[in-house]
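Novice: Here's a structure for you.
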Amino acid sequence: MTEFQMPDTNKKAEFVRTNFDVIASKYDLFNDLNSFYLHRVWKNSIIQLILNSFPKKNLECLDLCCGTGDISVRLTEVDLVTKVYSVDFSDKMLDVARQRLEGISKSKCEIGDATNLKNFPDASFDVVTVGFGLRNVDNLAKALSEIFRVLKPGGIFVNLDVGKVKNPIIRIFADFYFFKIVPLLGYLIWGAKNDMFDYLPVSSLSYPDQDNLKSMIEKAKFQNVEYKNFVFGNVALHWGRKA
């Protein structure tokens, strides 16, 4: 394991915001290399899940913790989607998303906090997506509560993030790659050591495993909560519906 120490809870949000601002220009390349481009396949699964859930409906979507806009771009390409709000609290990451989404009339980008979506009234969206963002919030239960609040009745929440590998043998190799190799890839891309590339794997330690996250989503009043594992559980896709 890395010797990196997680910031205190009351300092986590500022640490994440500041350091994502720093690495924003390299983040997409980092994701491509550390996932062997598989993150693109996983994000496509989000879109397929939405299409299966809403066969005939004009959809308003919130891509929360949108980062550089990977999922937002995919959402704007769906004919059933009429509006996509891309929200992140890192201005530099959002700048990358703005560039990618420039000229797309159904897209709007804005700074926002996943634990306090004050710019959006109750029941605003048919879909809320989060890709590799929930583990960066400083209050997961509050973020889930806000997501539930802004969803319309019948709307769905879809979350893609790291998971926990249950098989002990596979977990040894997965942990070695995630905690030792992934930071090194970040250093190579950045050209120097950078705490953010240590933070990204270490942040998974305090993030709930698949079953505990499922329970938390259910506790936030979502129904029909399910999840799907990718690459032996290293990554998991969770989804649930607001009644």
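Any read-out appearing in this document is the output of simple, stated calculations on the displayed coordinates, not a laboratory observation. Owing to the predicted nature of the structure, the values given are computational and were not obtained by experimental measurement. Here the Cβ positions follow ideal geometry from the backbone for every residue, glycine too, while neighbour counts run over all protein chains shown.
Novice: Which shape class, rounded, prolate or oblate, goes with the range 103-243 when its Cα gyration tensor gives a ≥ b ≥ c as root eigenvalues, a/c under 1.5 marks rounded, and past that a/b bigger than b/c marks prolate?
Specialist: Since a/c reaches 1.5 but b/c is at least a/b, the shape of the range 103-243 is classed as oblate.
Novice: Same structure again: With the Cα gyration tensor of the range 25-109 giving a ≥ b ≥ c as the square roots of its eigenvalues, does the rule (a/c under 1.5 for rounded; else a/b larger than b/c for prolate; else oblate) give rounded, prolate or oblate?
Specialist: In terms of gyration-tensor shape, oblate.
Novice: Let me ask you something else. Aspartates and glutamates near LYS242 by alpha-carbon distance under 14 Å, same-chain residues fewer than 8 away left out - which ones?
Specialist: Within the straight-line limit of under 14 Å, LYS242 reaches these aspartates and glutamates: ASP122, ASP126, GLU146, GLU218, GLU226.
Novice: Now, a different point. Any idea how far apart GLN223 and ASN139 come out in nm if each label point goes 7 Å out from Cα toward Cβ?
Specialist: About 2.8 nm, to one decimal.
Novice: Angle, helix 140-150 long axis vs. longest principal axis of the chain, Cα atoms, 0 to 90°, nearest 10?
Specialist: 20 degrees
Novice: Right, next: Can you put MET93, MET6 in order, fewest other beta carbons within 10 Å first?
Specialist: MET6, MET93
Novice: At 222 nm, what value in deg cm²/dmol follows for the chain if DSSP H runs of at least 4 each add -39500 (n - 2.57) and the sum is divided by all its residues, to the nearest 500?
Specialist: Calculated mean residue ellipticity at 222 nm is -13500 deg cm²/dmol.
Novice: Just tell me which aspartates and glutamates come within less than 14 Å, Cα to Cα, of LYS193; anything on the same chain fewer than 8 places away is out.
Specialist: GLU3
Novice: Now for a separate question. Given Cα pairs under 8 Å that are at least 6 residues apart, what percent is the relative contact order of the range 125-243?
Specialist: Reported relative contact order: 35 percent.
Novice: Let me check I've understood the local charge: for ALA123, count other residues with C-beta under 14 angstrom from its C-beta, Lys and Arg +1, Asp and Glu -1. What total comes out?
Specialist: Its environment carries a net charge of +1.
Novice: What share of the DSSP beta bridges in the chain is antiparallel, in percent to the nearest 5?
Specialist: Counting DSSP beta bridges with both partners in the chain, the antiparallel share is about 40 percent.
Novice: Just report the Cα centroid separation between the range 2-44 and the range 133-209, whole Å.
Specialist: A separation of 8 Å, based on Cα centres.
Novice: Which residue fluctuates most in the GNM of the chain (Cα springs below 10 Å): GLY133, GLY103, GLY186?
Specialist: For the chain, modelled as a Gaussian network with Cα springs under 10 Å, the answer is GLY103.
Novice: Okay, moving on. Please check: in the Gaussian network model of the chain (C-alpha springs, under 10 Å), which one of ALA24, ALA192, ALA174 has the largest mean-square fluctuation.
Specialist: In this elastic network of the chain, the residue with the biggest mean-square fluctuation among ALA24, ALA192, ALA174 is ALA192.
Novice: Using a Gaussian network for the chain with springs between C-alpha atoms less than 10 Å apart, which of these wobbles most: ASN159, ASN167, ASN34?
Specialist: In this elastic network of the chain, the residue with the biggest mean-square fluctuation among ASN159, ASN167, ASN34 is ASN167.
Novice: Pull up all non-local amide H partners of VAL235: gap of 5 or more, or a different chain, and H-to-H distance under 5 Å with H placed in the peptide plane.
Specialist: Under 5 Å from the amide H of VAL235 lie the amide H atoms of GLY163, PHE230, each far enough along the sequence or on another chain.
Novice: To test your reading of the geometry: what angle, between 0 and 90 degrees and rounded to tens, separates the Cα axis of helix 38-53 from the longest principal axis of the chain?
Specialist: The angle comes out at about 20 degrees.
Novice: Relative contact order of the range 17-157: what whole-number percent is it, with Cα pairs under 8 angstrom and at least 6 residues apart?
Specialist: Once divided by the residue count of the range 17-157, the mean separation gives 24 percent.
Novice: Taking square-rooted eigenvalues a ≥ b ≥ c of the alpha carbon gyration tensor, is the range 1-70 rounded, prolate or oblate, where a/c under 1.5 means rounded and, failing that, a/b exceeding b/c means prolate?
Specialist: Prolate, because a/c is 1.5 or more and a/b exceeds b/c.
Novice: Sort 148-155, 63-70 for me by packing, meaning the mean count of neighbouring Cβ atoms within 10 Å per residue, highest on top.
Specialist: Peptide ranking by packing, descending: 63-70, 148-155.
Novice: Express in nm, to one decimal, how much length is gained between ASP8 and ILE111 on full extension, taking 0.36 nm for each residue of separation and deducting their alpha carbon distance.
Specialist: Length difference between fully extended and current span is 34.8 nm.
Novice: In addition: Once fully extended, how much extra length lies between PHE36 and VAL231, figured as 0.36 nm per residue of separation less the alpha-carbon to alpha-carbon distance?
Specialist: Difference between extended and current length: 69.0 nm.
Novice: Go ahead and run the numbers for FRET between ILE170 and LYS193, Cβ-Cβ distance against an R0 of 22 Å, rounding to 0.05.
Specialist: 0.15
Novice: So how far apart, in nm, are the two label points at SER215 and LYS152 if each is 7 Å from Cα heading toward Cβ?
Specialist: Using points 7 Å along Cα→Cβ, the separation is 3.4 nm.
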